[in-house]
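Below is one structure; the comments refer to it alone.
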Amino acid sequence: MYKDPKPKKITMDEWSVRFKNIDNKTIKKFVYYNNHDWGLYLQPPATFMVYGTRELRRLRFDNSLAALRMWGFVFNESERLFRARQSGKKIVATMGDLGTVSIIVMAFPDCIPFYPECIWWTPFFNESTVLLDLASELGAPEAACFSRAALAAFVKKAYFPKPDYIFASTGATCDDYSCIMQSIEHLGYDFMWLEVPLRRSPAKHVSMDSLVKTKNGFEYPRRFEEYLIKEYEKVWQKMVEITGIDDQNLLMVSIKKANQVRTLVEKIKRTTYQAGNAPFPALELMTIEFGNLYGYADMDEWIRILEMIYETIVERTKKNIGIISEDAIPIAWVNPTADPYLLDYVERIGLRVVDTEYVINQALVEIDEQIEPFRALAQSFMQASLIGSTAQRISSINKAMRTGKIEGILITNMLGGSHCAMETKLMERLLKDKPVLAIDVPAPFGITEQIKTRLQAFAEVLHERRK
Ligand code: SF4
């Protein structure tokens, strides 16, 4: 069995050399959909580069087997979805809610949910503007968020199979992506729309009985929860119609599985962020966090991967071994960056990510297993990042800043992303005199020396403040 070397970040070429030390038994051990005939996925990053993921040449990766396994699995997702279709599974696109409707879909045997908007990373990983250019031609131009790549992917039919059905959440979710979803519907796809309420405090005269308070202190009128429950029941009924199966015990199983992932990821984040030396890189950690949405289309294997990653991190933490400089400055990262390179880059210049607000809080919170499942899902979703105020969204970061856990905040804007255009200035105001750098993430090939200089200057200022 392959033994991890001393932890560090290595290049794609270094992984190719190192991969020769991995024996066949290990390679054959890891499979998706439990299929040992065609489910192998452990490959060096260079394999995916050959298939078009060109940015891998510029990135550096964690050198553990657990991280290699994770990347192999994540980059294999497109193949996995087509295999799922070939082997008779149903492919269901769940859009806009990021992490809750997928749990209902996963409750049905042989039904695989996926989030097409996650394809927004593809133009960056592929260093290609093909999808973005086509999206522009289709009416979603440069002024819209990079998630417009999903529209083009639906037209190209090469990135994922044609979904058997699509659930799309709109309302208090993202405006940009709501427009993209409408454009996808106009292509002729079969849709069900769900509406998501805005989380706002009720009027003063509302009785306390009709209020719900979340664990993190947010309040909302109970009728919002009742409304969401009805929306989720609609999803359930549609899935019953599609599959002919109606067993709500399966929903409990699906919720337990989602909680297993959420608990593991919480442990991974906590252990990593609290460690004296950073035991795992920020890019890998963002990829782990986004796995909460749907386990990259195979929740069971994703859980096994997370367990292995957690073991690796615990072992490194016990030995106090890190993968970046020991005196790296802890920062919080707000909004997921469309270009993965930035997460790698900040570690090269002496910053360390120890807190995040990636707009997916709803996929991170534990779901209550003691109450009726649709209510439990509704309650977990009501803690979503984008459905409340900006102050709520950054409340935990503000707290961490006050306690000295983080020393700076980096906000990566999406050009055109509605929450960026409107929210960044508000956040800066709410974070008052704290060191904040907000940058627009440019289209592929757009990370200029000017952007790098701004990041370096930010890192220098944070280092200076320590003196
Ligand atoms: S604007 Fe923000 S929330 Fe909307 S799709 Fe883009 S990144 Fe996601």
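The values are calculated or read from the model by the stated rules, or taken from the named source; none is laboratory data. Because the structure is predicted, anything quoted here is derived from the model rather than measured. Here Cβ is always computed from backbone atoms with ideal geometry, including for glycine, and neighbour counts include all displayed protein chains.
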Check on residue 406, in a loop (DSSP other than H, G, I, E, B), among the hydrophobic types (A, V, I, L, M, F, W, C), farther than 20 Å from residue 97 by Cβ and in contact with a helix residue (DSSP H, G or I) (Cβ under 8 Å, 6 or more places away or on another chain): yes
Counted residues, region 164-178 - those being farther than 21 Å from residue 111 by Cα and more than 10 Å from the ligand (Cβ to nearest atom): 3
Subset tally (residues that are assigned to a loop (DSSP other than H, G, I, E, B) and either among the acidic types (Asp, Glu) or within 16 Å of the ligand (Cβ to nearest atom) (or both)) for region 315-342: 8
Residue list for region 418-439, restricted to those being within 16 Å of the ligand (Cβ to nearest atom) and modelled with pLDDT under 85: 418, 419, 420, 421, 422
Segments classed as helices (runs of 4 or more DSSP H), wholly inside region 220-314, with at least 1 members that are more than 17 Å from the chain's Cα centre (by Cα) and surrounded by fewer than 21 Cβ atoms within 10 Å (Cβ to Cβ): 222-243, 249-274
Search result, residues across region 144-164 that are part of a loop (DSSP other than H, G, I, E, B), hydrophobic (A, V, I, L, M, F, W, C) and either at pLDDT below 95 or in contact with a helix residue (DSSP H, G or I) (Cβ under 6 Å, 6 or more places away or on another chain) (or both): 144, 145, 160
Residue in region 112-132 that is part of a helix (DSSP H, G or I), free of Cβ contacts under 8 Å to residues at least 24 places away in the same chain and within 16 Å of the ligand (Cβ to nearest atom) present: no
Every residue from region 153-192 that is polar (S, T, N, Q) and farther than 25 Å from residue 128 by Cα: 169, 170, 173
Hits in region 376-405 - residues which are surrounded by 17 or more Cβ atoms within 10 Å (Cβ to Cβ) and among the charged types (D, E, K, R): 393
